[in-house]
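Working notes, beginning with the structure itself.
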Amino acid sequence: MQCKRNGCTAVYVSEDESHQDGQCQFHPGNALFHEGNKGWTCCRPRATEFDEFLRIKGCARGRHLFVGTRPDKKAQAEKCRRDYYQSGTSVIVSIYAKKIDREASWIKFVPRALQVHLVYGEDKVYDDEIELYDEIDPTASSFEFLSTKAEVTLVKVAQAQWPTLEGASA
């Protein structure tokens, strides 16, 4: 990723070798385009051609500004809001997370548990194992990734109301 300061062309590689000298030479002002002349509001040099304008050296020095995800950055562990409702035969669980990565995320059904791994947003991860109140049928249960949430349908083995989603050990 490239430094975000005006006029700097340094590229982030790693913590050790991001740039040659460690100093950012940039323009703190705004670009100025007036009657065929191109330049910066912070310093005097002007150019008539756009390529010349891009080559005008910065008039200020400071630290580089690398914004965005670093290539070596690990995903952050997050908590997601969870809600559920039920009918006589199933329990529907909603786990709210925007922009779920369908390729990297998964949900597994175990007779008395629900295992969830969601990768969402920029670099967020939600991992959880929910101990369920009662037994479910893993083969009949299903899930769907929507734009704002993961919706999980748990098919009950016993046709009884659950007083809570999670079991007594949770």
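The values are calculated or read from the model by the stated rules, or taken from the named source; none is laboratory data. Everything numeric in this text was worked out from a predicted model, so none of it was measured. Methodologically, a virtual Cβ is constructed for each residue, glycine included, from the backbone with ideal geometry; neighbour enumeration extends over all protein chains shown. Ligands, DNA and RNA are excluded from the accessible area calculation, which covers all protein heavy atoms including side chains. Shrake-Rupley method; radii C 1.70, N 1.55, O 1.52, S 1.80 Å.
Accessible area per residue was computed with a 1.4 Å probe on protein heavy atoms; ARG46 scores about 90 Å². The heavy atoms of HIS117 offer some 40 square angstrom of accessible surface to a 1.4 angstrom probe.
Projecting each Cα onto the charge dipole of the chain (Lys/Arg +1, Asp/Glu -1 at the beta carbon, about the Cα centre), which of HIS64, LEU132, SER142 comes out farthest on the positive side? My answer, from the dipole projection, is HIS64. Each label was represented as a point 7 Å from its Cα along the Cα-to-Cβ direction; for ALA31 and CYS59 these points are 1.8 nm apart.
Note on surface exposure: PHE26, PHE66 rank PHE66, PHE26 by accessible area, highest first, 1.4 Å probe.
Apply 1/(1 + (r/R0)^6) to the Cβ-Cβ distance of THR89 and ARG46, taking R0 = 45 Å, and write down the FRET efficiency to the nearest 0.05.
0.05
Using 31 Å as the Cα-Cα cut-off, could you pick out the over-long pairs in LYS4/LYS38; LYS57/LYS99; LYS57/LYS98; LYS57/LYS124; LYS99/LYS156?
Numbers: LYS4/LYS38 20 Å; LYS57/LYS99 40 Å; LYS57/LYS98 42 Å; LYS57/LYS124 38 Å; LYS99/LYS156 29 Å.
Over 31 Å apart, Cα to Cα: LYS57/LYS99; LYS57/LYS98; LYS57/LYS124.
Measure off 7 Å from each Cα along the Cα-to-Cβ vector at ALA104 and VAL157, then give the distance between these two points in nanometres to one decimal. According to this spin-label approximation, the distance is 3.5 nm.
The mean accessible area for residues of the chain, using a 1.4 Å probe and ignoring ligands and nucleic acids, is 64 Å² per residue. For VAL11 and ALA140, a Förster radius of 45 Å and the Cβ-Cβ distance give a FRET efficiency of 0.30, rounded to the nearest 0.05. Helices in the chain, meaning DSSP H runs of at least 4 residues, each add -39500 (n - 2.57). Divided by all residues, the mean residue ellipticity at 222 nm is -500 deg cm²/dmol.
Other residues with beta-carbon under 12 Å from the beta-carbon of LEU65 carry, at +1 per Lys or Arg and -1 per Asp or Glu, a net charge of +3. Judged by the gyration tensor of its Cα atoms, with axes a ≥ b ≥ c, the chain is prolate; a/c meets the 1.5 cut and a/b is the larger of a/b and b/c.
As a length-normalised measure over Cα pairs under 8 Å and 6 or more apart, the relative contact order of the chain settles at 17 percent. The GluC sites (Glu not before Pro) of region 94-170 meeting both criteria, a DSSP state outside H, G, I, E and B (loop) and at most 11 other C-beta atoms within 10 angstrom of the site's C-beta, are GLU103, GLU122.
When nucleic acids and ligands are ignored and a 1.4 Å probe is applied, VAL157 ends up with an accessible area of around 80 Å².
Could you work out what % of the accessible surface of the chain is carbon and sulfur, using a 1.4 angstrom probe and leaving DNA, RNA and ligands out of the count? Present the calculation step by step, with values, prior to reporting the outcome.
On the way: 5150 of 10870 Å².
Here it works out to 47 percent.
Remark: accessible surface ordering of SER147, SER90 (largest first) is SER147, SER90, probe radius 1.4 Å.
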